[in-house]
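Single-structure report; data block below.
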Amino acid sequence: MMSENFLQDVYIPLGGQDDNLGDSALRAAYFRAAQGAGRRFHVQLGERRTTDYLSGLPLRPEDLLYRTDDSWIKASKNTSRAVLLYYAGEVTPRGGIYPHRHTAIQLQKVLENGGTLIVAGTGLKDPSAVDESTFHPILREASVVSWRDRPSRDAAGFGGVAPDWAYSLGTETTDWTSPESRRLLAVSLRYDRPWPDEEWLQAVRDLAAATSTRIVTLAQVARDAPRSALLAESLGGEYLVPHSMSHADLDAHARDVYGRSLAVISDRAHGLIIGATEGACPIGSAADPQKIERLLAAAGLGELVGRYDQLAEFGERLESQLPTVAPAIDGARAELADLALRIDVAMKASL
C-alpha cells in the first residue's frame, strides 16, 4: 500500500519555439491533461526559454524545472516507477532511427525501472518522408500512443489519432458570440513563405466586403509581425498589436481578436486552431497547405484548406461552413478528454 505522502514522478518536456504561441499553447494543454493528485512534475524546458514563453505554461511553484536536457534525462533514468510523457507537437526524424540513441536509452531505462511511457500528441513534419522502419521499437511499448493527425499515424504504423492538444483550450462553444455579431475578418501569414499575389489579396478584400467585416491582421509568432503589418497595409486593414510579446498576453490578444472574427485566414496551423476554438471559421490558405490540412482534418475542419489560388472559392463557401465549426470543436474536445482519461488511467496503473 502506498504512503499518503507518496508522489508519482512525472517527466514532461514543455520546450518549444520561444516566440511561437502555438508551441506553448499545445504544451500547456498537454500539461493540464496530465495533472492529478499526488504527482510531482519534472519539466524539461531547454536552455533558451525566456519568461515570455514560460508565461504561457501553467507552471506551479512545486514543479521541478530543468534547463538542460542532460540533467532532465539523468533524473528520469534514476527514478523508479516514473512516468515519461513524450514530446507533443511536431517532430522531424532526420536519418537513422527515431528517436535517436540517446533518447531511446532514456526511454528504455524508464521502462526497466518499472516506469511508464506515454506518447500523446506527436505529429510528423512530413509523413511522406518516413515509414514504419524509421521508428525505434521502444515507442511501441508505450502504454498510450496517439498521433495528432492520421497521416502521421499511418506513416508510423502504430498507435491511435486524436486532434492537436490546442483544440482543448479556449471558450466553450455555448459562450461564443453569434456569427451575426462578428464584425472582423482576421488574417495572419507566416514570415517564411511566399508572398501571395494580387488575386489572393483581392479575394480577402472581396470576402470582407461580402460579409460586411473589417480586415484585421495579427501575429501570434513574433517573427510574423513585419508581415502582418505589411498585410494590413496591402489589404487596407488594421494590424492589431498585443500589449507585449509574453505568451500570456499574446494568448489573450489572439483570443480576443478571434472571438470577434467571423473567420480567420492563415497558413499558421495554430492560428487556425486557436481561431476555431474561439468560434472563428478557419480558412487555411497556404503556398504549401499539407501541414495545416492534416491538423484541421483531424478535427473535422479541413473543408476550407488549400492553396492560395483556392481562396476565392473558399470565400464563397464560408456561409455554409459556419454552422460546422462548433460541432467540430466539441467533437475534438471530447476526443481529447477521452485521451486525457486514458493517460490518467495509464499513470494510475503504474503506481
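The values are calculated or read from the model by the stated rules, or taken from the named source; none is laboratory data. Please read all numbers here as calculations on a predicted model, not as lab measurements. Neighbour counts run over all protein chains shown; Cβ positions are idealised from the backbone, glycine included.
So in the stretch 311-320, with the set limited to residues that are in contact with a strand residue (DSSP E or B) (Cβ under 7 Å, 6 or more places away or on another chain) and surrounded by fewer than 22 Cβ atoms within 10 Å (Cβ to Cβ), which one is farthest from Pro196 (Cα to Cα)? Of everything passing the filter in the stretch 311-320, Leu318 is farthest from Pro196 (Cα to Cα).
All of Ala263, Ala328, Ala254, Ala297 fail the test of being farther than 20 Å from Ala28 by Cα and surrounded by 24 or more Cβ atoms within 10 Å (Cβ to Cβ), apart from Ala263. Any residue in the stretch 217-232 that is part of a strand (DSSP E or B), in contact with a Leu (Cβ under 6 Å, 6 or more places away or on another chain) and surrounded by 14 or more Cβ atoms within 10 Å (Cβ to Cβ)? Checked against the condition, which is being part of a strand (DSSP E or B), in contact with a Leu (Cβ under 6 Å, 6 or more places away or on another chain) and surrounded by 14 or more Cβ atoms within 10 Å (Cβ to Cβ), the stretch 217-232 yields at least one hit. The set of residues in the stretch 101-141 being assigned to a loop (DSSP other than H, G, I, E, B) and within 27 Å of Ala269 (Cα to Cα) consists of Lys125, Asp126, Val130, Asp131. Pairs meeting the criteria (first residue in the stretch 293-317 and in contact (Cβ under 8 Å) with a residue 60 or more places away in the chain, second residue in a loop (DSSP other than H, G, I, E, B) and hydrophobic (A, V, I, L, M, F, W, C), beta carbons under 7 Å, at least 6 apart or on different chains) are Tyr308/Ala287. Taken together, Ala312, Ala337, Ala326, Ala276 contain a single residue that is assigned by TED's automatic domain parsing to the domain that holds Ala208, touching a Ser or Thr at 6+ places or on another chain (Cβ under 8 Å) and assigned to a helix (DSSP H, G or I), which is Ala326. In the set Pro327, Pro323, only one residue is under 29 Å from Pro196 (Cα atoms) and at pLDDT 95 or above; that residue is Pro323.
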